[in-house]
Structures are given as C-alpha cells and as structure tokens.
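**Q** Quick one: the structure is below, questions incoming.
The values are calculated or read from the model by the stated rules, or taken from the named source; none is laboratory data. Model, not experiment: these values are computed from the prediction. We place every Cβ from the backbone using ideal geometry, glycine too, and count neighbours over all the protein chains shown. Note: areas computed on protein heavy atoms with side chains; ligands, DNA, RNA excluded. Shrake-Rupley method; radii C 1.70, N 1.55, O 1.52, S 1.80 Å.
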Amino acid sequence: MEATEDQLILATGGYDHTIKVWQAHTGNCIKTMRFVETSQVNALDRTPDKTRLAACGYQCIRLYDLESNCTAPVINFDGVLKNVTRLGFQEDGKWMFTAGEDHRVRIWDMISAPPHCSRVFDCQAPVNAACLHPNQVEIAMGSQNGGVYLWDVKSEEHEQLVPEMDASIQDVAISPDGHYMAAANNKGNCYIWQLSIDTHQKLSSICPKKKIQAHSRSILRCKFSPDSRLLVTTSGDGTARIWNTDEFTIWSELSIENYWVWDAAFSADSKWLFTASSDGIARLWKLSTRALARDYTGHSKAITALSFKDEIVAD
C-alpha cells in the first residue's frame, strides 16, 4: 500500500534541543518534541513500521511515539555513556544498533521490555558512524582514528581498514544493492570499496574501488540513493554533492552558501533529496532540475539530523 500524504513524515532535530515532525508535502510542522537540554540531536531514525522515532545525542537515546499527542519520550535507554553518534533499525524492528564515542557499537533487543543491550563491538576508538548492510547481518563502522570496520553481528567476524592516516571517519554508507561501501572523512575525501559475497567466508569481501576528493572541508554525511545509482556527500563547505555510482563522478551539486550541510535523505524513487543545514532550515530539492521545492522552517538553531523513510514525494 502506498503511503498517503498524511503519512509522508519528515523528522528533523538539531542544536535547539527539539525534534520536529513535518508533513513532507506541505512543509507544515505537526509536532515538536523536546530532546535533552544538554545535547544536540546527532541522528534520527524511524522504526520500520513508522510508528516510533529514535533519537540520540550526548549520553542519551530516546524513543518517541509518533502516533500519540505525547511529546515526551516513551523509552529512555539506560546505561548510555558519552556521545551517541548514530542509530538505526534492523528491517523487522527486532533490534536497533547504536554507535558512540565510548568506542562501542551496541545491538539493542527491541522485542524485550524494556529494550536491553544484547551485543557489543569495541572499535577501540570513538565511533562517529555506523550503518547496516542490506543483508541485515553486517554493520559498517567509522571511527575517529581513521578506522573503517565491517562486523558480522551473528558470527562476530570483522575486518578493519585504514584508508587514510591522520583522518577521522565522519560517516559510512552501504548501497541498498549491497555492491558498494563508502566512508567519508574530515579531510573532504570519500573512499569507495566494492563488496562481494565469498562462499568460503561469512564476511563480505572488500575491494578498494576509488578515492573521491569530494569537498574542500570535512564531509559530514554520505548516503546512497534507494536505487543505488547515486551517492550524496554533505559538507561544511556549504554543498551537497551527488555522485553517480557508475564511475563515482560528480552528477550534481546543491549549494547553501555560508552554511554547513549536516545531513541528507533521498526519497524512495531517488528523484528528491532533503537536506539539513546550519541555518536551521531543512530543504527539499528536485534532483532532475536542482530546483528548491520546499523549505521547512521552525528550528532556531542548526539542524544536524533528519529522517525520511523510503517514501515517494509527488510533484
């Protein structure tokens, strides 16, 4: 069943300690939820059934109910240390992963009440980023010491790469078709590896493909489009750059001058892109024309995270 317009929900969070929920097709803010006063919102993700929204920040992970009028979190996760930088859900919502500056990536059992941590991977350095492979078994991670890790959650097998010395990995991404892994660093470089299945080993094989000198300043996010044909990188240089994945050459550039572009998310048909930036505005862009289609204004400070779950934005 296709989502109705009322279900086209964009979520944003930032330095003003709030999370806002928007009707993506109108730009209307329909709900504002308080985060914690001691932290910005580092990452957002909706549960696969789209009924709840998870948010993480400094020493906190919160889960909010999107179907009620309640603006307080329904679950506060216990025992969270330091800055939690990323989170995401397994496709059935049975577990959630989080990454943080306590050096660890955690797996949370979401079926139990309350959710509890069931597995931990130690990267031995603060972790800036993590993402789940479409096979729902492997997690890619990026750390501040420059390490990129691929971890098989079931077998505990893992591999570590260091693509560039003296650089911090800011984000990692795996294409939905499972063919490519990207890692972006604070020097503006994005590294691409080809992933393949080896019948003789449980972990995907990793083969270097390309180094992209993508931005003049630190990259903040990298994400593949749902059709795996595009890769977006966002940066402190005021741009979101879109690369085609045939040869990883530049395809388009979106500019928000004098501001950091913190995050981005594609629509399900890969024709639209949402961006979040330090001017406190989220934007919707039509990629075929690079035209700005809509602004989402209401945050009083930088927007550092957004979530839009695989839905189609109509013209």
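**Q** Could you sort ASP122, ASP198, ASP263 by accessible area so the largest value comes first, with the probe set to 1.4 Å? Let's see the in-between values first.
**A** Numbers: ASP122 70, ASP198 50, ASP263 5 Å².
Descending order: ASP122, ASP198, ASP263.
**Q** Compute the semi-axes of the equivalent ellipsoid of the stretch 102-232, taking the square root of 5 times each eigenvalue of the Cα gyration tensor, and list them largest first in whole Å.
**A** Working: eigenvalues 109, 63, 41 Å².
Over the Cα atoms of the stretch 102-232, the ellipsoid semi-axes are 23, 18, 14 Å.
**Q** Still on this structure: Just grab the label-to-label distance for ARG119 and GLU164, each label 7 Å out from Cα along the Cβ direction, in nm (one decimal).
**A** 3.1 nm
**Q** Can you give the accessible area of ASP227, probe radius 1.4 Å, in Å² rounded to 10?
**A** The value for ASP227 is about 70 Å².
**Q** Relative to the Cα centre, what is the charge dipole magnitude of the stretch 104-222, using +1 at the beta carbon of each Lys and Arg, -1 at the beta carbon of each Asp and Glu, and rounding to the nearest 20 debye?
**A** Working: 11 positive and 12 negative charges, 77 e Å.
That gives the stretch 104-222 a dipole magnitude of about 380 debye.
**Q** With unit charges on the beta carbon (Lys/Arg positive, Asp/Glu negative), name the residue among GLY88, TYR191, SER168 whose Cα is farthest towards the positive pole of the charge dipole of the chain.
**A** After comparing all options, I get SER168.
**Q** Put TRP262, TRP243, TRP251 in order of accessible area, largest first, 1.4 Å probe: what do you get? Intermediate values should be presented prior to the final figure.
**A** On the way: TRP262 50, TRP243 20, TRP251 120 Å².
Ranked list, largest accessible area first: TRP251, TRP262, TRP243.
**Q** Would you mind getting me the FRET efficiency between GLU37 and ILE250? Use the beta-carbon distance for r and R0 = 30 Å, nearest 0.05. Kindly include the intermediate steps, with their values, before the conclusion.
**A** Numbers: r = 41 Å, r/R0 = 1.35.
My answer for the efficiency is 0.15.
**Q** With a 1.4 Å probe and all protein chains kept in place, how do ASP49, ASP269 rank by accessible area, largest first? Provide the component values of the computation, followed by the final result.
**A** On the way: ASP49 100, ASP269 45 Å².
Sorted descending by solvent-accessible area, the residues read ASP49, ASP269.
**Q** Could you work out what % of the accessible surface of the chain is carbon and sulfur, using a 1.4 angstrom probe and leaving DNA, RNA and ligands out of the count?
**A** Numbers: 6120 of 13530 Å².
Using a 1.4 Å probe with all protein chains present, the chain comes out at 45 percent carbon and sulfur.
**Q** Mind telling me which of SER196, SER288, SER277 comes out most flexible in a GNM of the chain, alpha-carbon contacts under 10 Å?
**A** Sorting by GNM fluctuation, first place goes to SER288.
**Q** As a test question: what accessible area, to the nearest 10 Å², does ARG241 have when a 1.4 Å probe is rolled over all protein chains in place?
**A** Using a 1.4 Å probe on the heavy atoms, I get roughly 50 Å².
**Q** Right, here's the next one. How large is the convex hull of the C-alpha atoms of the chain per residue, in Å³?
**A** Working: hull volume 40.0 nm³, N = 315.
With only Cα atoms used, the chain gives 127 Å³ per residue.
**Q** Also, quick follow-up: In terms of the Cα gyration tensor, with a ≥ b ≥ c the square roots of its eigenvalues, is the stretch 40-112 rounded because a/c is under 1.5, prolate because a/b exceeds b/c, or oblate? Each step should come with its number before you reach the end.
**A** Numbers: a/c = 1.88, a/b = 1.31, b/c = 1.43.
Oblate.
**Q** Please give the charge dipole size of the chain, origin at the Cα centre, charges +1 on K and R Cβ atoms and -1 on D and E Cβ atoms. Round to the nearest 20 debye.
**A** Working: 31 positive and 39 negative charges, 102 e Å.
That gives the chain a dipole magnitude of about 500 debye.
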